[in-house]
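Trainee: Mind looking over this structure? Questions follow.
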């Protein structure tokens, strides 16, 4: 199965990346064709529940496939696994009406969702300062007012999950909730696209007294941080798996270049500085992969994986940036231009060290959690896992 997905991504998705990146009707048509091919070949929505039309593959088994699927940013969408986070969240925390209205359509690829948490002028690492508010009306519905930004993929989304304050004031640890908002609602607006290092896909959005049905609250009022924590740990681990696939792609390009490029002094592969790039990149890949799969195993077993996810997220983001940078160096000027995917892979690695929790957040969170396991007597009770209690989505 891993080989089949690898061939699908390399032979069908990657050749269409430029078209898919461009968006518009042509990209939508190409994506629809790829999805049809994935369904015909039995590769569609492998990690999504079987009863909803997916493949029913468990997370640990899917992790072995997610790397090759994620070698292209468009792989998960073409193969139907992109809504895994939203399907998992809605299946666990959505009410009956939400589950019946959206889950099967999500798995079928008929509708798309996105997630809005961060706000302008509010540190994304501090959800307690969320200012977006949701007030309850006499009929039980919610009226949402506020702004979010760095919301991925909202331009083509049918639904957006928004973190809003349903009680208390900004800074309070209580009173945060998640609401599922149809983007066709009156008062919802995409304010602008926010290019990240020159590429699009992130947006600022506005909720101007958007009315949301009462049954579109996820969980209970005040449950946002618990639900968001689940989502973030799973989401970060998924992204780490995909970054491994993208780093492997950059590594392969680097090695192919070194093996086939000749200069006045002979093949690049014979030069020690090139060999150093290859060695360091391979070392980074090989040492990061076990960290990521350790996090996968803990999440799959339902155990506390916060320390392992933090380690994996920092290591994988740094690793992708490092490997892509070495591949660019070996390619020379060609690695900076439009003829290889290397600029995009480097950009993804660099942005990954800020978005979805900056390195500093994960370093501090993991170190504090580990140190709590060591008492003054030096017993080191937390030495085996470093996991501990805590609140918030980190």
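Trainee: Using only Cα atoms, locate the centre of segment 148-224 and the centre of segment 289-303, then give the distance between them in Å, rounded to an integer.
Mentor: Cα centres, segment 148-224 to segment 289-303: 29 Å.
Trainee: Principal axis lengths of segment 113-220 from Cα atoms, whole Å, largest first?
Mentor: Taking the Cα atoms of segment 113-220, the three principal extents are 44, 30, 21 Å.
Trainee: By how many degrees, 0 to 90 and rounded to 10, does the Cα axis of helix 224-260 deviate from the longest principal axis of the chain?
Mentor: Helix 224-260 and the main axis of the chain meet at about 20 degrees.
Trainee: Still on this model: With just the Cα atoms defining each centre, how far is segment 3-45 from segment 228-250? Give it in Å.
Mentor: Cα centres, segment 3-45 to segment 228-250: 20 Å.
Trainee: Expressed in nm to one decimal, what extension gain is obtained for the pair residue 173 and residue 64 from 0.36 nm per residue of sequence separation less their Cα-Cα distance?
Mentor: Contour length minus the Cα-Cα distance gives 35.5 nm.
Trainee: Also, quick follow-up: Using r as the Cβ-Cβ distance of residue 211 and residue 50, and R0 as 35 Å, what FRET efficiency do you calculate, to the nearest 0.05?
Mentor: Computed FRET efficiency for residue 211 and residue 50: 0.50.
Trainee: Be a star and scan segment 338-374 for residues whose amide nitrogen sits under 12 Å from the point 7 Å along the Cα-to-Cβ vector of residue 256.
Mentor: Only 340-342 fall inside the zone, counting backbone N under 12 Å.
Trainee: Here is a follow-up. Counting pairs of Cα atoms in the chain, how many percent are more than 39 Å apart?
Mentor: Tail of the P(r) past 39 Å holds 19 percent of the pairs.
Trainee: Another one. Between helix 24-40 and the chain, what is the angle of the helix's C-alpha long axis to the longest principal axis, kept within 0 to 90° and rounded to the nearest 10?
Mentor: The helix 24-40 is inclined about 80 degrees to the chain.
Trainee: When the helix-only estimate is applied to the chain (DSSP H runs of n ≥ 4, each -39,500 (n - 2.57), divided by the residue count), what is the mean residue ellipticity at 222 nm, nearest 500 deg cm²/dmol?
Mentor: -15500 deg cm²/dmol
Trainee: How big is the Cα convex hull of segment 215-335 in projection, averaged over all directions, in nm²?
Mentor: Average projection, Cα convex hull of segment 215-335: 9.7 nm².
Trainee: Measure off 7 Å from each Cα along the Cα-to-Cβ vector at residue 186 and residue 287, then give the distance between these two points in nanometres to one decimal.
Mentor: Taking the simple label geometry, residue 186 and residue 287 are separated by 5.9 nm.
Trainee: In cubic angstrom, how much convex hull volume per residue do the alpha carbon atoms of segment 2-82 span?
Mentor: Dividing the Cα hull volume of segment 2-82 by its residues yields 78 Å³.
Trainee: How do the peptides 269-279, 221-231 rank, highest first, by the average count of neighbouring beta carbon atoms within 10 Å per residue?
Mentor: The densest-packed peptide leads the list: 221-231, 269-279.
Trainee: Compute the acute angle (0 to 90°) between the alpha-carbon long axis of helix 359-371 and the principal axis of greatest extent of the alpha-carbon atoms of the chain; round to the nearest 10°.
Mentor: With rounding to tens, the tilt is 80 degrees.
Trainee: Here's something else I'd like to know. Expressed in nm to one decimal, what extension gain is obtained for the pair residue 97 and residue 363 from 0.36 nm per residue of sequence separation less their Cα-Cα distance?
Mentor: 91.7 nm
Trainee: Another question, then. Quick one: if the Förster radius is 35 Å, what FRET efficiency do residue 29 and residue 300 give, using the C-beta to C-beta distance and rounding to 0.05?
Mentor: In this case the efficiency is close to 0.45.
Trainee: At a 10 angstrom cut-off on C-beta neighbours, averaged per residue, how do the peptides 71-80, 42-51 rank from highest to lowest?
Mentor: 71-80, 42-51
Trainee: I've got another one for you. On a full-extension model of 0.36 nm per residue, what is the gain between residue 339 and residue 193, subtracting their alpha-carbon distance, rounded to one decimal in nm?
Mentor: Length gained between residue 339 and residue 193: 50.0 nm.
Throughout, read-outs are computed from the coordinates displayed, never taken from laboratory work. None of these values were measured; they are calculated from a predicted model. Quick reminder, even Gly has a Cβ in these numbers, built from the backbone with ideal geometry, and neighbours come from all protein chains shown.
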